[in-house]
Amino acid sequence: MDSVQEYPMVPLAARLLSFPSRLYYGWRIVAAGGFINAVAGGVFNYGFGILFLPISRDLDLTRAQTSLVFSLARVEGAFEGPFAGWLIDKYGPKYVLVGGAVLTGIGYMALSQANSYLSFLLIYLGFISLSFNAGFGHSILAAVNTWFIRRRGLAMSAVTATSGLGAAVFAPSLALLVSSAGWRTAVVVAGCTLIGLVVPAAMTLKRSPESIGLRPDGDTLPVSGEQHPSPEQRDFTFKEALRTRTFWIMAAATTLRLGVVNVVTIQFIPLMVWKGSEEVAAAFLFATMSGLSGPGRIAMGWLGDKVPKNILLAVGMLAGCGSFALLQYTEQVWQLWLFVVAFALVESVNTLNWALVGDYFGRRNFATIRGTMSLVYTFGTASAPVLAGYAYDSTGTYNLVLWAMAAAYFVGSMLFLSLQRPTVRPRATAEGK
């Protein structure tokens, strides 16, 4: 296993890569990870929102039933999280990503043959989400977290910003393909796209800067007796992280944040249709919101490397409360565009959540710790889209849902504001008992 703490003999190739005039390889990791995230985000994360109504109509499903599939996929990902994180920390993200991309792509092709709710459930849960959660859930951010310390916020934000850009490209394309050729053809094309684009990009990923004789952030290699220029961190073990108060507060705050994001992502188009928009127009609103969040994430990532990330997260979630209050009283199309701009700004702080995990718990066990945190927060986030769908099916309106999301953002902002850098409580010894 490659170490992230030891500095081996530096081969000639690594010396060339680390020469100051050359681009630090970590930024190549960011570029490859960003491309992968753009494809994955456009096809899987945002693609489900495009397929939501067409699949519901074709299979004669209620919105709660369709939302349940996504929520069960989240629960499935929660159970996978710790094991997938362990695989990534042990073997590196490259091969985990390749396997996940191939199996997810095949799953999308199989989905085109679903003719009942049961077959939809089995294919989506047994193939697509199982493979996607294992391959994509933690790999990209784990790779970036290993290559950066001081510039972690900017690097992670740059990677996740491309998810919105990917959605800006794939969401309208998928919507037009669904409109012209049907959702079954669209999912076959989506599966082929996922395999054809992600696998080559994943093969360029390197395990760690130390594995090729470099240091995090592109800092120069130390000579004998010289202090390391990068700020060294304490790498928490999995068990040590669980013993901290910070881990559990962050998990609770993340649950509230992602619960809202999941509702907005999955039910954005139905929500816009409820407000009077046409489906195709709603898809373009969705793409615009995703595209606008990209530059904002990069700006917040840069800022997050200079000021406390938890404060930025708290402020962003408070702004989210206002965006839902705005949508509650929206009656005209231009007001929908105003909500899109407002929520895009709110989403720009989201990646700081994961950079904060790296800041607090280190590099060596990042994927395992984040995967275990997903086991905590996913049970809450999985229920949110189902409850939102049930609320609409029962009342014919999203009014209650909007107020609930505003409340969740407010509580989450207070939790993020209370976070402090973790310390490990020493275990009791025989002498100390």
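Below are the figures for this structure:
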read-out	value
For the range 280-433: accessible area per residue (Å², 1.4 Å)	43 Å²
Exposure rank, largest accessible area first [V30, V102; 1.4 Å]	V102, V30
Angstrom value of the Kirkwood radius, inverse mean 1/r, which spans all Cα pairs in the range 285-358	12.7 Å
T193 accessible area, 1.4 Å probe, all protein chains in place, Å² to nearest 10	40 Å²
For E240, solvent-accessible area (1.4 Å; no DNA, RNA or ligand), Å²	40 Å²
S418 versus M203: modelled label distance in nm, points set 7 Å from Cα along the beta carbon direction	5.0 nm
Within the chain, helix-based [θ] at 222 nm, where runs of 4 or more DSSP H residues each add -39,500 (n - 2.57), nearest 500	-24000 deg cm²/dmol
Eligible lysines near K94 by straight Cα distance, threshold 19 Å, same-chain separation 8 or greater	K206
Over the range 324-433, volume per residue of the alpha carbon convex hull, in Å³	159 Å³
Isotropically averaged projected area of the range 358-419, using the convex hull of Cα atoms (one quarter of hull area), nm²	5.0 nm²
Between helix 279-304 and the chain: long-axis angle, C-alpha atoms, 0 to 90°, nearest 10	20 degrees
Heavy-atom SASA rank of L51, L122 (probe 1.4 Å, accessible area, largest first)	L122, L51
Cα-only radius of gyration and Dmax that characterise the chain, units Å	21.6, 74
Prolate/oblate/rounded label for the range 40-158 (Cα gyration tensor, a/c 1.5)	prolate
Ranked order, Y329, Y124 - accessible area, probe 1.4 Å, largest first	Y329, Y124
Inter-probe distance in nm under a simple model that places probes 7 Å from Cα toward Cβ, at K90 and R28	2.9 nm
Net lengthening on full extension, T185/T237 (0.36 nm per residue, minus Cα-Cα)	14.1 nm
Under the Karplus curve 6.51 cos²θ - 1.76 cosθ + 1.60, θ = phi - 60°, whole-Hz ³J(HN,Hα) for the range 203-209, x wherever Gly or Pro sits	5, 8, 6, 9, 5, 7, x
Of R152, R363, R421, the one that fluctuates the most in a GNM where the chain has Cα springs shorter than 10 Å	R421
Percent carbon-and-sulfur accessible area, the range 46-140, ignoring ligands, DNA and RNA, probe 1.4 Å	68 percent
Global size of the range 224-350 as Cα Rg and Dmax, reported in angstrom	18.9, 68
Whole-angstrom Cα spans of the range 150-196 along principal axes, big to small	47, 20, 10
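The values are calculated or read from the model by the stated rules, or taken from the named source; none is laboratory data. Owing to the predicted nature of the structure, the values given are computational and were not obtained by experimental measurement. Please note: Cβ atoms are built from the backbone with ideal geometry, for glycine as well, and neighbour counts cover all protein chains shown. To get the accessible areas, we keep the full protein, side chains included, count just its heavy atoms, and leave off ligands, DNA and RNA. Shrake-Rupley method; radii C 1.70, N 1.55, O 1.52, S 1.80 Å.
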